[in-house]
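Every number in this text was worked out from the coordinates using simple rules, so none of it is lab data. Note that this is a predicted model, so its numbers are computed, not measured. Neighbour counts are summed over all protein chains in view; Cβ atoms, including those assigned to glycine, are modelled from backbone coordinates with ideal geometry.
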Amino acid sequence: MDFESYDVLIVGGGLAGIRAAIAAVEANPRVKVGMVSKVYPMRSHTVSAEGGAAAALRPEDSYENHAFDTIKGSDYLADQDVVEAFVREAPAEIIQMEHWGCPWTRDPDGKISARPFGGMTTWRTCFAADKTGFYMLHTVFQTSLKYEQIKRHDEAFVTKLLVEDSRCVGVVALDIRTGRFDAITAKSVILATGGLGRVYAFTTNGNICTGDGMALAYRAGVGLKDMEMVQFHPTGLPFTGILITEAVRGEGGYLLNNEGERFLKRYVPNKMELGPRDIISRAMVTEFEEGRGFDGPHGKYMHLDVRHLGEKAIDRKLPFMRELGREFMGIDIVKDPIPVRPVQHYMMGGVDADISGETEILGLYAAGECANVGLNGGNRLGSNSLSECLVFGAAAGRAAAQYAASAKLVTANPVDAMLWDEAHRVETAYLEKKGGDERIGAIREEMQREMDAGAGVFRTKEGLEKLIQQLGGLRERFERVKIEDSSKTFNTEIVAALELDYMLEVSQAIAVSALAREESRGAHARRDFPERNDEKYLKHTVAYRKEGARPRLEYRDVKITNFQPKARTY
Amino acid sequence: MPDKKVTIHATRYDPDKDEKPRLQAYEVPFYDESMVVLDALNWIKSNADGSLSYRWSCRMGICGSCGMMVNGTPKLTCNAFVRDYYPRPILVEPLNNFPVIRDLVIDMDDFMHKLKAIQPWIIRKQEMPLGAGEHRQTNEQIDDFRQFSQCINCMLCYAACPVYGLNDEFLGPAATALARRYNLDSRDQGLKQRLPVLADPEGVWECSFVGECSVVCPKGVDPAKAIQQTKLDTTMRFVLPYGNRE
Amino acid sequence: MSTEAKAALREFRWHMPANWWTRNRHYFLYVVREFTALPLALWLLWLLVEIKRAGDGPTRYAPHESTAFVVFSVIVLLFALYHSYTFLSLTGVIIRLKVFDRPVPPRLITLAMFGAWAGASVVIGFVLIWFAR
């Protein structure tokens, strides 16, 4: 049997994945790059990013300021050497995107403009109106089409990493259209599969954000780092969870409670609406609990008010927000306040990787949201993630290309045997399975409800213990899952089952990591341990999978260079 | 409103079993005023029939996955509200003019090839080094191509285009709009490279200007305009003595 | 996907039904617009015949006495007006003009086109009346 074989194989076709692909080819034009994505790349969830990408480009800004804002924002859980490298690389990446055609919004002199953003002390968020992710994704994707060395496998779902002797030699992927399993071998593999927001019920994330890359690495024996750090964005639309960008506040919007009061003055008096996301989300939940939220058919909410900005400014800088309000809420944000409430948005945690994306497994790299390279710590600052995808996507692409140049592709076991094993596993577990009485949808919805309740904005020991119990029960129910679709062709039910399998895996890592961190830091807020505890927990949690049991946790020191931990007030 | 129900007639087609597509009816609870057709499909998949296949992701009108024919009109189902159809039944079919892979899933490989053919990237005679910083470009210069850059590749325009339905060699609305997006970009110098594809008989000249592509576009792109402008441009280059200059 | 895998896929291919243009008002108006060119061409042929007759002497040329020609001409005039209207309405969409680096508003371009059309009609009418005297 013949197998597709690559020097660098990328799993995921979002911003980090495509950036990695181009970086690999530009580092070495002879490198053969494959890209497997479960959707057409332009559908990747990068497309939904709105506000912008941070880089210290302006003369009044400095690397040190950007680094300090990021580290303070992370509640000192970021690795400072990683942050320092990141802030130095980010400006060139923004320029590179400009050269590739990204229509950045400009200053009157024609240079790339910037806007203020939460937790940033100066204007450093470059933006393309309020569809920055959409423009960046389409720009890199369309640019990638000119490289003949990049070959895509669209709508293929990776079910397993092929690992031999702690070395990654490729993947097994299900071709969704034909139902065929393929072994795709590679000298190096980069995971760039994005986030896991769909483990929560109320999330800004699209249906495809199911933690695939994290689960793949976790099962292959790589640790998942800081999984308790889940970001809740303060401003999602009730019911749908559609994201209302932080740029709304960056451009001067107010957050108001049911008394018409800018309540953030009690929580982040010096930053007000431009405080970091973790603190503002907690402030909103606190206000709700104290009876100062609006009551709506889909729960409590606050008002985000931009009416004072005027129609012209809104149409110039926030046109997509106006469109979303009109299309999905039936309101005109020029005339009406926007109802918003905190919503799961981003995963700081992820595949344990170093500054060039390398993991513990030789030849396996990770970048973007699915990775945790140590940039975001306990709380990511808004607009750092698009830049992160560029900087660390490119770094992983270069590192993987370099490694591939010296590596030989030899597998100890015959590839078709490995392929047969994996295809057999999935087929017997799902496709040829008889009986079963549990619906995928029912298990998924219950997992999402339990995650919202147990691992939300505020956590407690009891809540997390209960969550872990419930997840265990759901795992048992998943064994009895019923598959109604027996077709080989575009079987989305098999994909949904495989995704649910992954989500149950990473949910457990989140819950167990959160239970063990007995302090409040960044996005991880424990009601029973409201203070930060640097003595005990100025450390990364790394969770390792154990078959049939709770994951084993290890702790690793945070890298401190120039910024000693201080109290975090805004 | 616990008892309100809406009937969804969805196309079913499994090439392993079916000769041709058929319709299947589902009763779906109309559980919320904000419910969209995609929510109804998701309800079916979660609660009634796990085998119904369709694509979706962002459910906020930007990823472009969930385009389908809703009561005969191409729509993003994440943005087609059930309340606008209720109490009449809703007919959900795969996008017109494309081969059907399965149920509501169409084959859009043809567009992916056309997208590549128009060379949708910045082409320059001389690449500017990164160290030289950004190209200067004003917001007004961006306005020249802004609307053509809004395309999310959702394929609604192709589903609305009878010309494409009759001849799938036609380059079509979205690909031409994207070519125009780059041709109008002040940073781009690739017009000449793109012209052979655009000025081909199967390019812009195949369009007889039905204009429905621009009507159905969910993002306010006007592909019909892009095509007619390209016709004018190519003609001017041919007719006028200075037309062939850069 | 490889070509052989693709060939193995049994996709269903729809074909456009012959009545596709009745399914949507825009399609219908489009077909009407395209169809107007046909009577216009016929009318021009008829006009050529009449001109040929005019060459045989003034007594043979009397189109205004043929009711059929008058009725047909009126219908064709309506078609021609509709076709011209749809064509000129588009000019604002298609023509991009910049004056002092500012784009000219599309409505102004369309208005100018309709103005030019009206102007040309007046001039032609004037010339015809002039020669008729």
Under 5 Å, built H, 5+ apart or other chain: amide partners of A:R152: A:M35
log10 of Debye I(q)/I(0), alpha-carbon scatterers only, for the protein assembly as shown at 0.09, 0.10 Å⁻¹: -0.96, -1.19
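Do the alpha carbons of any pairs in A:K160/A:K559; A:K265/A:K335; A:K300/A:K539; A:K225/A:K461; A:K265/A:K566; A:K151/A:K559 sit beyond 29 Å of each other, and which pairs? Show your work: numbers first, answer last.
On the way: A:K160/A:K559 32 Å; A:K265/A:K335 25 Å; A:K300/A:K539 35 Å; A:K225/A:K461 20 Å; A:K265/A:K566 22 Å; A:K151/A:K559 38 Å.
Long pairs (Cα-Cα over 29 Å): A:K160/A:K559; A:K300/A:K539; A:K151/A:K559.
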Farthest toward positive dipole pole in chain A [+1 Lys/Arg, -1 Asp/Glu at C-beta], among A:H45, A:F3, A:Q469: A:H45
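In percent, how large is the relative contact order of the stretch B:122-246, given Cα pairs closer than 8 Å and 6 or more residues apart? Write down the numbers at each step before the final one.
Working: 147 pairs, mean separation 37.5, N = 125.
About 30 percent, as a whole number.
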Alpha-carbon centroids, the stretch A:181-259 and the stretch B:176-246: separation in whole Å: 38 Å
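Averaged across the residues of A:199-209, what count of C-beta atoms belonging to other chains lies within 10 Å of each residue's C-beta?
Per residue, the average neighbour count from other chains is 3.
Within chain B, what is the number of lysine pairs with alpha carbons under 17 Å apart, leaving out pairs fewer than eight places apart on the same chain? Write down the numbers at each step before the final one.
Numbers: B:K5/B:K45; B:K75/B:K219; B:K116/B:K192; B:K125/B:K192; B:K192/B:K231.
Close lysine pairs found across chain B: 5.
With only Lys, Arg, Asp and Glu charged, each at its Cβ (+1 for the first two, -1 for the last two), find how big the charge dipole of the stretch A:273-376 is about the Cα centre; round to the nearest 20 debye. Show your work: numbers first, answer last.
Values: 12 positive and 18 negative charges, 117 e Å.
That gives a dipole near 560 debye.
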Positive-end residue of B:S46, B:G64, B:P87, charge dipole of the stretch B:5-106 with Cβ unit charges: B:G64
Cα Rg over Rh - the stretch B:5-106, Kirkwood: 0.93
0 to 90° range, to nearest 10: angle between helix B:173-183 axis and chain B longest Cα axis: 30 degrees
Rg in Å to one decimal, and Dmax rounded to a whole Å, for the stretch A:474-570 via C-alpha atoms: 19.3, 58
Over chain B: helical MRE at 222 nm, DSSP H runs n ≥ 4 each giving -39500 (n - 2.57), nearest 500: -8000 deg cm²/dmol
Spatially proximal aspartates and glutamates relative to A:K72 (Cα-Cα < 15 Å; intrachain offsets below 8 disregarded): A:E64, A:D81, A:E84, A:D278, A:D534
Along each principal axis, Cα extent of the stretch B:109-239, largest first, Å: 49, 33, 29
Shape call, the stretch A:243-343: gyration tensor on alpha carbons, a/c limit 1.5: oblate
Separation between Cα centres of the stretch B:13-42 and the stretch A:63-131, rounded to whole Å: 44 Å
10 Å Cβ neighbours from other chains, averaged over peptide A:89-97: 2
B:F98, A:F3 arranged by Cβ crowding within 10 Å, fewest neighbours leading: A:F3, B:F98
Anisotropy class of the stretch C:3-132 from Cα gyration tensor, a/c 1.5 cut: oblate
Gap separating the Cα centres of the stretch A:351-369 and the stretch A:373-448, nearest whole Å: 12 Å
Descending principal axes extents, the stretch A:89-210, alpha-carbon based, whole Å: 53, 40, 32
Mean separation of Cα contacts under 8 Å (6+ apart) over length of the stretch B:28-121, as relative contact order %: 26 percent
Net charge dipole size for chain B [Lys, Arg +1 and Asp, Glu -1 on Cβ; Debye, nearest 20]: 460 debye
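Given charges of +1 on the Cβ of Lys and Arg and -1 on the Cβ of Asp and Glu, with all other atoms neutral, how large is the dipole of the protein assembly as shown about its Cα centre, in debye to the nearest 20? All intermediate terms of the calculation are to be shown ahead of the outcome.
Numbers: 116 positive and 121 negative charges, 393 e Å.
Rounded to the nearest 20 debye, it is 1880 debye.
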Global size of the stretch A:415-533 as Cα Rg and Dmax, reported in angstrom: 17.7, 54
Antiparallel bridges, percent of DSSP beta bridges restricted to the protein assembly as shown (to nearest 5): 70 percent
Over the stretch A:7-75, volume per residue of the alpha carbon convex hull, in Å³: 149 Å³
Residue (of C:G119, C:F79, C:I109) at the positive-pole extreme of the stretch C:3-132, dipole from beta-carbon charges: C:I109
Overall Cα dimensions of the stretch A:399-448 - principal axes, largest extent first, Å: 50, 28, 11
Angle between chain A longest axis and helix A:461-479 axis [Cα atoms, degrees, rounded to 10]: 30 degrees
Sequence-separation-based contact order of the stretch A:430-562, relative, with Cα cut under 8 Å and 6+ spacing, percent: 24 percent
Alpha-carbon gyration tensor eigenvalues x 5, square-rooted, for chain B, Å: 40, 20, 16
